[in-house]
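The values are calculated or read from the model by the stated rules, or taken from the named source; none is laboratory data. Since the model is a prediction, treat every value here as computed from it, not as a measurement. Methodologically, a virtual Cβ is constructed for each residue, glycine included, from the backbone with ideal geometry; neighbour enumeration extends over all protein chains shown.
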Amino acid sequence: MRREGPVIFAAIAGLAVIISGLFATDALKVVKDELDQWYLITTAFMVLVGLINLNLLHVRKISQKKEGWGYSIVLLAGMYFFIVFGLMRGSLGDAQYGWAYNATIVPMSATTFSLLMFYIGSASYRAFRARTAEATVLLLSAVVMMIGVVPIGRVIWSRLPDITSWILDYPNTAGIRGIQLGACIGGMATALRILVGIERGHLGGEG
Amino acid sequence: MSFWHTAQNLDRRIIYVVLFLVVTYVLIKPIGLPIVVNRETQRAYDAVDKLAAGSILFVSADYGSSSIPEMLPAEKAVLRHVFRKGLKVIAGGMWNEAGAMHDLAWQEVSKDFPDKKYGVDFVNVGYKPGAGVLLERMISDAHQALLGIDFYSKNFSDLPLMGEFKTMKDAKMVFAFTSGDPGEKEWVKMVTDPLRMPFATAATAVAVPGQMPLLQSGQIIGILKGMGGAAEYELLVKSPGSAIAGMDAQSATHILMVLFIVLGNLGYLMTRKQTT
Amino acid sequence: MDKAFVAGSVLQNWIVALLTLAILSVLYKENPFYRFAEHLFVGTSVGYTVMTNWYTYGKPTIMKSIITEGKWTYVIPVVLGLLIYTRYIKNIAWLSRYCLSFIIGYGSAYVLRSDPRSLVLTQAIATFKPLWVAGDFLKTVSNWVLVLGVAGTLTYFFFTTKRSGIVGAGATIGKWVMMVAFGSAFGNTVMARVSLFVGRMQFLLTKWLHVIPG
């Protein structure tokens, strides 16, 4: 039952969702609403996995005084500060907790992602080459989009924003829709395989 | 080493410095390039504008603090529009910083609307886990799905607006601020398609191409595209903010990047010619 | 002292500015300030996420739903969620499969239930555009681009048939359409990344250095 049990459990849970979609009876609705709530609650209680993994990794690093162990102390201090301070303040929306969040997490998150501007600038300068006909088309489309989506595009040529809109509305939509249709159908096939027990990768290794 | 060889092999730190200087200079000395509202932003604006006073708009912050420069100005502009129209807002989201993002927007916008009260005109229910399943649950019983407490840990029973919002069917429209997954697809398949509810989005520029098929099929009414879309909405609600202020720097940086790409390609073509 | 912990205070602006500069310093080269900020970011983010889940769902489920409202059936998903942590104990790690199976099985069922209508059928129907629009040549051409583009992109991913004849032609059309689509995606990605840095500089120049009013 170590492997078969979870597969059967997943199939029963999934069947409840599918059957409730096919037969709209009050009794099935009650069961499905309850199971929906169970899903939300289960997801909420799984969140400590990241915390435990970080602790295991960084406590080991500190105890063995591996390279950079001082930074591990900073990581754990930051983590426990937000947990303990949060528990003390009693609410996520508390003004002081919000102050700490806006002073630390917001700027660090925003700045880490803002580094991407430099990386994309440097990478596109270095690697974006019109080596083949396909690459040339990609390059031209990118350049037209880059200029057309900003106000200076209209100043350079009044029709440029219209061309940019046309690219987004037609060839972009066509390409992305084709990819998304394929991905959706693939996702549905995988979902069906999971429900009937063919796909078992999520169960992990031995045992 | 030839000029063209150097042209396509500039040290990356030179590129970083030039980008940094251009952004800084244009922010300090803006050019004043005109911003024109595009069709998709206008459609999103018109959809909100059509709602009758007292209608409930569900606003979803499906973005994190990393997308603040694009999303927060858009959310503030939409809130200003909504409050001027006399609409009411339930603010939630599928990303874990949703509550904090709505808090930032409310704290700033409410200063300009002292008659708007928390709990009466605006409720921040914050993030709840579950993504698409959460939305499905909110169609049958929003209070149970949201466990009856808001972002500030207040009970729904203490918030008069929550008495008018029992299920998603009580909202007249959904406006989602999206930057990835979960996002607009969950809203479309779980709520707005089944309930045939008007749905508009403000998307980070990187998410815009992926949303175009949904726009073309009519499942999304209008999209605010990145910081440009936010600037256009600020223009429509006549409240210039950081999005409008940032567009000149955006323009200058895009031109600079195109020049870098052209330089790199010219260097490549000329050195290839020289070797052949 | 109280003024220091008000939103937008001088103290907050200085902390924000120093952390911003610490992370930007990696553009020159990796250094202790960057590593400090990077580790602090990871730790604080995880701590905040834990608190978010506790206050939005963990605590209300236990205190409100189970204890106050008496919904004792909710004990089952709480236990199911906690089973994930058995993965750290070798002898009973297999119990964590029940938690994962429930989440994945339930989510998979929703994919089967909701994706076909909104993300497949509606999208497919929206592709059926008129291939002749009287009096509007641009619209006619555009509709051809859309229809052939979608068909071609789907054909491109047929790897089980020979790339010749109509399949080959379709795949070629799909390839070119995807090149344009990826180019436009790249252009939009550049816009997104630039916006992020513009936002950071706006903060540094307005709230910290007060070079720009605002």
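Remarks
- Which numbered condition residue C:34 misses (of (1) facing chain A (nearest Cβ under 9 Å); (2) within 29 Å of the chain's Cα centre (by Cα)): (1)
- Flag not set for residue C:45, criterion: more than 8 Å from chain A (Cβ to nearest Cβ) and among the small types (Gly, Ala, Ser).
- Just so you know, in segment B:134-147 the residues that are in a loop (DSSP other than H, G, I, E, B) and under 17 Å from residue C:52 (Cβ atoms) include one that is nearest to the chain's Cα centre (by Cα), and it is B:146.
- Considering the conditions (1) surrounded by 23 or more Cβ atoms within 10 Å (Cβ to Cβ); (2) more than 7 Å from every other protein chain (Cβ to nearest Cβ), residue A:199 is excluded by exactly one of them, (1).
- Filtered residues of segment A:154-170 (kept if in a helix (DSSP H, G or I) and basic (Lys, Arg)): A:154
- Hits in segment A:19-37 - residues which are more than 8 Å from chain C (Cβ to nearest Cβ), surrounded by 13 or more Cβ atoms within 10 Å (Cβ to Cβ) and not polar (S, T, N, Q): A:19, A:28, A:29, A:31, A:32, A:33, A:36
- Qualifying residue in segment C:110-123 (condition: closer than 30 Å to residue A:41 by Cβ and of a type in the set (Asp, Glu)): yes
- Candidate set: segment B:205-220, residues that are touching a residue at least 24 places away in the same chain (Cβ under 8 Å) and at the interface with chain C (Cβ under 7 Å from one of its Cβ atoms); chosen: the one nearest to residue A:147 (Cα to Cα): B:205
- Scanning segment B:30-69 for residues that are aromatic (Phe, Trp, Tyr), surrounded by 24 or more Cβ atoms within 10 Å (Cβ to Cβ) and closer than 23 Å to residue B:86 by Cα yields a total of 1.
- On the stretch given as segment B:242-267, residues that are within 7 Å of chain A (Cβ to nearest Cβ) and among the acidic types (Asp, Glu) total 0.
- Any hit, segment B:48-64, residues being polar (S, T, N, Q) and within 12 Å of residue B:177 (Cα to Cα): yes
- Residue check, residue C:151 crowded, with 16+ Cβ neighbours inside 10 Å, more than 7 Å from chain A (Cβ to nearest Cβ), at pLDDT 95 or above and part of a helix (DSSP H, G or I): yes
- From the list A:10, A:16, the lone residue that is at the interface with another protein chain (Cβ under 9 Å from one of its Cβ atoms), touching a residue at least 60 places away in the same chain (Cβ under 8 Å), surrounded by 18 or more Cβ atoms within 10 Å (Cβ to Cβ) and hydrophobic (A, V, I, L, M, F, W, C) is A:10.
- Residue within segment C:119-130 that is among the aliphatic types (A, V, I, L, M), part of a helix (DSSP H, G or I), facing chain A (nearest Cβ under 7 Å) and within 27 Å of residue A:32 (Cα to Cα) present: yes
- Only listed residue being surrounded by 20 or more Cβ atoms within 10 Å (Cβ to Cβ) and touching a Gly at 6+ places or on another chain (Cβ under 6 Å), chosen from B:19, B:72, B:27: B:19
- Out of B:148, B:132, B:163, one residue alone is free of Cβ contacts under 8 Å to residues at least 12 places away in the same chain, farther than 18 Å from residue C:74 by Cβ and assigned by TED's automatic domain parsing to the domain that holds residue B:49. It is B:163.
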